[in-house]
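The values are calculated or read from the model by the stated rules, or taken from the named source; none is laboratory data. Small disclaimer: the values here were computed from a predicted structure and weren't measured. Note that each Cβ is placed from the backbone with ideal geometry, even for glycine, and that neighbours are counted across all protein chains shown. Quick note on the areas: whole protein, heavy atoms, side chains included, nothing else; ligands and nucleic acids left out. Shrake-Rupley method; radii C 1.70, N 1.55, O 1.52, S 1.80 Å.
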Amino acid sequence: AVPLTDLGNGSYSFVMPNVPVVITQQTKNSIYQIHAEVEHTDPLNGKQTLVVGKDVVVPSFAVYQGEATVEVTENDYYVVDQVLVDEKAIEKDENGYSFVMPAHEVNVKVVMKPRLYAIDLQSSSHVHLSAFVKDQEGHYVAAPLEGVNITQQVYLKADADEGYGIDTIEMIDGSQIRELSLEDGYYSTIFAKPSSKDKPTLSFRVSEAAVV
């Protein structure tokens, strides 16, 4: 082997011996760093947070042109809104959120949003249900159409046609049925997340009674 002298500018030199030489080059894949962060709106005012390395797992480094995968654990409070690599959204595939590592460091941002639970109101023929939540001032406002998060209490108003009254108002969650309590003209119950994650819905049912 002939010793090489590094010239510091990407070039090398050597002293030619008195025999033929063969010049070969060996290269290795470049490795670049991945910086990760998670962003989320916190409906529990600091009591429920998401952590990189636990809820969001991203490799610290990846080989150039290698595949890097972002693993996100959704929970009862949060679901993925989008995953950004250098401010560009990537789509989820069968392996999760994956991207091909470019020839430079990258910034990965996982944006989470509150998990919403749809409200299903099962009115009877003569008693009509409507759903409300409380705003920051404690006023009753109509429940948002897209649903509520796990920290929002749902309140129901029941309006009966003339000649009819309310027998019971219940919350249905799979095989569990909880009767709601009446307070200030609104029916409510302690929030319990639906048992089905495939179709997270809060279902309420009213039974009517004829007024004699």
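Points worth noting:
- With all protein chains kept in place, the per residue accessible area of region 77-123 amounts to 54 square angstrom at a probe of 1.4 angstrom.
- Each principal axis of the Cα cloud of the chain was evaluated for its coordinate range; sorted largest first, these ranges are 119, 34, 23 Å.
- Ellipsoid semi-axes in whole angstrom, largest first, where each is sqrt(5λ) of the Cα gyration tensor of region 56-107: 21, 11, 10
- GNM result for the chain, Cα springs below 10 Å: residue of His139, His35, His104 fluctuating most strongly: His139
- Dimensionless Rg over Rh [region 48-158; C-alpha; Kirkwood]: 1.18
- Amide H to amide H, with H built 1.01 Å from N, Val79 comes under 5 Å of Lys113, Arg115, counting only residues 5 or more places away or on other chains.
- With all protein chains modelled, accessible area of Phe204 [1.4 Å, Å²]: 0
- Of the residues Gln122, Gln136, Gln82, the one that moves most in a GNM of the chain with alpha-carbon contacts below 10 Å is Gln136.
- Accessible carbon and sulfur surface of region 130-173 relative to its total accessible area, %, 1.4 Å: 45
- Distance (nanometres) between label positions extended 7 Å along Cα→Cβ at Tyr164 and Thr69: 5.4
- Heavy atoms of Glu146: accessible area, 1.4 Å probe, square angstrom to 10: 120
- Here the Debye sum runs over all C-alpha atoms of region 104-161 as equal scatterers in vacuum, and log10 of I(q)/I(0) at q = 0.21, 0.23, 0.24, 0.29 Å⁻¹ comes out as -0.87, -0.97, -1.01, -1.21.
- Amide H partners (placed H, <5 Å) of Ala209, local residues excluded: Gly165, Ile166, Asp167
- With all protein chains modelled, accessible area of Arg205 [1.4 Å, Å²]: 80
- Other-chain or far-sequence residues with amide H under 5 Å of Glu39's (modelled H): Val110, Val111, Met112
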